[in-house]
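The values are calculated or read from the model by the stated rules, or taken from the named source; none is laboratory data. In this text the structure is predicted, and so the values were computed from the model without any measurement. Note: ideal-geometry Cβ built from the backbone for every residue, glycine included; neighbour counts use all protein chains shown.
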Amino acid sequence: MIRWSLTKSTPVAETPRSWIFRVEQNGRNFAAIKILKPVVAEEEGRGARLMQWYGGVGAATVFDMHGDTIFMEWLDGGTLGDPVRAGHDDEGTIAIASVVTALHRPREGDLPDLQPLRERFQPLFDTDVRAWPHTARDLYARAAGIALKLFDRPTAQIPLHGDLHHDNILSSDRGWLAIDPKGLLGDPAYDVANVFINPVRANNMAADPQRIAKRADILSQRLDLPRKRLLGWAAAHAALSACWDLAEEKPITGLLACLPNLLSAYDQA
């Protein structure tokens with residue numbers, strides 16, 4: 001607080017990853033302080049340094065960092081998940097494409113250290129297939145095979161948000177802005193993979209084959225990325241997410257509703 005001349009610290013949220021406070025600057029403008037918990041400080045710190053590199057274009061602005069504390073722009077708008085859950089999915093997908101375009105634009109300055117996407121996917125390849133429900137093991141095998149094929153045919157390697165979904169995009173007077181990146185380096189098409197299994201609490205909207213097809217159409221056209229590659233990453237990421245959840249003994253019912261339809265859409269693309 002003293003370092004950045006801040007006043008009136010108000011606790012806002014505690015997550016498994018951080019404590020978040022709203023503070024005042026100069027008694028007029030609000031800002032946010034995010035204190036990272038030690039268990040995730042490395043990953044979250046990498047994401048915060050990527051946000052600094054974004055320079056407030058397409059993402060919330062990080063003003064400064066000190067240790068495990070991040071001083072950043074305060075965004076009090078709702079998430080993009082709210083209008084999508086209310087039935088405006090096409091508009092939400094268009095908004096995501098605009099955010100991705102802003103995040104992926106070339107920038108000056110040295111890149112922070114980022115995690116290679118191949119390293120991020122290691123839990124998918126290390127998972128024992130027997131951890132998956134018996135009836136879903138073929139889905140795991142197909143998705144893992146697609147992931148390997150994608151890595152065997154690399155494209156441009158660019159900085160990636162790595163966790164872009166509807167509820168990681170907030171409204172502001174500057175438009176929709178991303179928060180909470182993971183800080184990866186890899187295929188640009190991967191950055192919208194998480195969109196295809198979100199938002200949560202949306203009556204399994206993401207599993208609807210028509211929604212999958214429409215999202216793929218919009219994202220492919222607006223980002224000028226191959227439709228099949230987008231769907232391949234979506235299926236691979238859904239399987240990776242299931243591996244993470246299984247490792248934490250969480251249910252994967254929602255992901256298993258999406259994965260067959262993502263694989264089918266990939267086959268047809």
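The table below lists the values:
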item: Residue match in region 101-115 (condition: in the same structural domain as Arg222 (by TED's automatic domain parsing), in contact with a helix residue (DSSP H, G or I) (Cβ under 8 Å, 6 or more places away or on another chain) and acidic (Asp, Glu)); result: yes
item: Enumeration of residues in region 73-98 that are closer than 19 Å to Asn203 by Cβ and of a type in the set (D, E, K, R); result: Asp82, Arg85, Asp89, Asp90, Glu91
item: Helices (runs of 4 or more DSSP H) lying entirely in region 74-152 (those with 2 or more residues that are aliphatic (A, V, I, L, M) and within 19 Å of Leu240 (Cβ to Cβ)); result: 137-152
item: Among the residues listed as Leu36, Leu111, Leu80, the single one being surrounded by 20 or more Cβ atoms within 10 Å (Cβ to Cβ) and farther than 21 Å from Ser171 by Cβ; result: Leu36
item: Pair list, Cβ < 8 Å and 6+ apart or interchain, from region 143-160 residues that are under 20 Å from Lys182 (Cα atoms) to residues that are aromatic (Phe, Trp, Tyr) and not in a helix (DSSP H, G or I); result: Ala147/Phe121; Phe151/Phe121
item: Matching residues, region 206-253, being surrounded by fewer than 19 Cβ atoms within 10 Å (Cβ to Cβ) and within 25 Å of Phe125 (Cα to Cα); result: Pro226, Arg227, Lys228, Trp244, Asp245, Ala247, Glu248, Glu249, Lys250, Pro251, Thr253
item: Residue match in region 172-193 (condition: among the polar types (S, T, N, Q) and either within 18 Å of Gly232 (Cα to Cα) or crowded, with 22+ Cβ neighbours inside 10 Å (or both)); result: no
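Here's the yes/no breakdown for (1) closer than 23 Å to Tyr54 by Cα; (2) outside the structural domain of Pro123 (by TED's automatic domain parsing); (3) in contact (Cβ under 8 Å) with a residue 60 or more places away in the chain:
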| site | (1), (2), (3) |
| --- | --- |
| Asp180 | yes, no, yes |
| Ala202 | no, no, yes |
| Ala206 | no, no, no |
| Ala216 | no, no, no |
| Arg222 | yes, no, yes |
